[in-house]
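Here's the structure, in structure tokens; my notes come after.
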Amino acid sequence: MQNKRWFPRAGALRTPLRILYWAPLGIVLTTHWYNVRVISGPSMQPTLNPEWSLSKDYAVFDKVAVLDKQDCHRGDIITLKSPLDPKYKLIKRIVAEEGDTVKTLPPYPLKEVKIPQGYVWVEGDDPFNSDDSNMFGPVPRALIESKLVFLIWPPSRVGKLEEPKLPLSGTGPTFRRAMAAFERAHARQSRVTPAAKIVIPERV
Amino acid sequence: MIAIPFPNPIKTSGLRPGNRRFPRLPHNFPVSFMANPRFLYPLHGLGQMLRARIFKPSKYSLPTRVGIGCLKLVNLVCFAHLFVEYVGTISTMEGPSMLPTLGNEGEIVVVDRLSTRLDPYNIARGELLILLSPLNPKRYICKRVVGLPGDVVCVDPTGQQAPSTEHVRIPKGHIWIMGDNADASRDSRIYGPVPIGLVQGKLRTRLWPPSKFQMFGSNMTYID
């Protein structure tokens, strides 16, 4: 009995057909789970794409953590669909979550905002170069697409972006950059009053 | 030519010596498809095919073949995921917020995700949309589009959530959505205009129950 194949074993079509057959797996692994993207634009300077860097930053983004577990909180760098134009993606930092109160920056009409349920307040690290929640207000959490896990390029800054700590000793540009990063983080956090957590005391 | 409509003792292929009773036939001797065992005993034929696939001589070892099989299964799941994500899906609906149009439960609808993927601005007033809820990012909601960017809408004509004289202009990139059952719907009257980025697809057809089969489209009439 002759075993007939539904596509030819050898021929010009064989390799493209094979690629097409395995494409779903590749697409899901590279775009729906972890994906590597170039970061463009100055809105996250100097954390990402700092002026002294010679090339653009490349980073690994985690999509599953955001879609599945909503595992993105205050201080995380995230990508989101722009609320003003769904065709564009923004990279910003979550400053406040639902229930928090934020002191806003100039373009926003109100002095203080309480973030409603299901919304977040996002800002770029460079307030002068960033169109963020200070312009369009709090954004729904559902617009968030992925979360930055670590940088893979340029080689000098490969690794996770850690919460800046107060540099205790040192001199020169490294010290000054670390100090500025710490001050920026401190200024950002001091504008936010976190939501009161309801703690139910245990009965003794 | 003779077509033999029963299981043929005469082999048409393979080496066999011919004799007077069962003569040696040419390889292309026409045998009716009804004489094929795959037709006569379909299950037997299926079993044979499966056995042939599993035990056929292969250049890979059994564990490798099992691994490739698992990978193919994962690939199939990925394909299904991509199809649901980018093209469309069939899903059930529940909830009272769209009541005269869509029932409370037990309805099956076709969701089209391709058209809004291709062009996010491809939205018309009066269409039924599937969106991610602004209140809970894990929930999907179904609402009707009332206003597009730049429109001026009355926040709540019924006056329940806001005074019925209050009007707003919808900002760029946002839409105004409302449920058909205003009493049991949390919609733009509560959380204001929502970004178009939340739109996941359009409701096209109701498949079930069959008596209520319906194609959904824009139902707006314009008064000039």
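Here are the numbers:
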| read-out | value |
| --- | --- |
| Where A:S82 falls short, out of the listed (1) open to solvent by less than 90 Å² (accessible area, probe 1.4 Å); (2) at pLDDT below 85; (3) under 30 Å from B:I123 (Cα atoms) | (2) |
| Conditions (1) at pLDDT below 90; (2) under 28 Å from B:N136 (Cα atoms); (3) more than 13 Å from chain B (Cβ to nearest Cβ); number of the one not met by A:V60 | (1) |
| Residue list for region A:67-89, filter: closer than 19 Å to B:S133 by Cβ, facing chain B (nearest Cβ under 10 Å) and not in a loop (DSSP other than H, G, I, E, B) | A:L67, A:D68, A:K69, A:L80, A:K81 |
| Spans of strands (runs of 3 or more DSSP E) in region B:86-196 with at least 2 residues touching a residue at least 24 places away in the same chain (Cβ under 8 Å) | B:88-93, B:107-112, B:128-132, B:140-147, B:174-178 |
| Residues within region B:197-224 that are at pLDDT 95 or above and part of a loop (DSSP other than H, G, I, E, B), tallied | 0 |
| Residue, surrounded by the fewest Cβ atoms within 10 Å (Cβ to Cβ), within region A:138-174, restricted to residues that are of a type in the set (A, V, I, L, M) and free of Cβ contacts under 8 Å to residues at least 24 places away in the same chain | A:L168 |
| Leading residue by the ranking (farthest from the other protein chains (Cβ to nearest Cβ)) among those in region B:181-208 that are over 25 Å from B:R117 (Cα atoms) and among the charged types (D, E, K, R) | B:D183 |
| Residues located in region A:93-110, provided they are open to solvent by less than 20 Å² (accessible area, probe 1.4 Å) and away from chain B (no Cβ under 14 Å) | A:V95, A:A96, A:D100, A:V102 |
| Positions within region B:122-153 being small (G, A, S) and either at positive phi or open to solvent by less than 20 Å² (accessible area, probe 1.4 Å) (or both), in sequence order | B:G126, B:S133, B:G147, B:G150 |
| Region A:155-194: number of residues that are over 18 Å from the mean Cα position of the chain (by Cα) and part of a loop (DSSP other than H, G, I, E, B) | 9 |
| Single unsatisfied condition, A:F128 versus (1) part of a loop (DSSP other than H, G, I, E, B); (2) in contact (Cβ under 8 Å) with a residue 12 or more places away in the chain; (3) not β-branched (V, I, T) | (2) |
| Residues within region B:88-121 that are open to solvent by less than 70 Å² (accessible area, probe 1.4 Å) and not hydrophobic (A, V, I, L, M, F, W, C), tallied | 16 |
| Test: residue in region B:46-54 that is away from every other protein chain (no Cβ under 12 Å), in contact with a helix residue (DSSP H, G or I) (Cβ under 7 Å, 6 or more places away or on another chain) and loosely packed, with under 14 Cβ neighbours inside 10 Å | no |
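The values are calculated or read from the model by the stated rules, or taken from the named source; none is laboratory data. Computed from a prediction, not measured in an experiment: that's the story for all the values here. Using ideal geometry, Cβ is built from the backbone for each residue, glycine included, and neighbour counts are taken over all protein chains shown. Accessible surface is based on the protein model in full, side chains and every heavy atom, while ligands, DNA and RNA are left aside. Shrake-Rupley method; radii C 1.70, N 1.55, O 1.52, S 1.80 Å.
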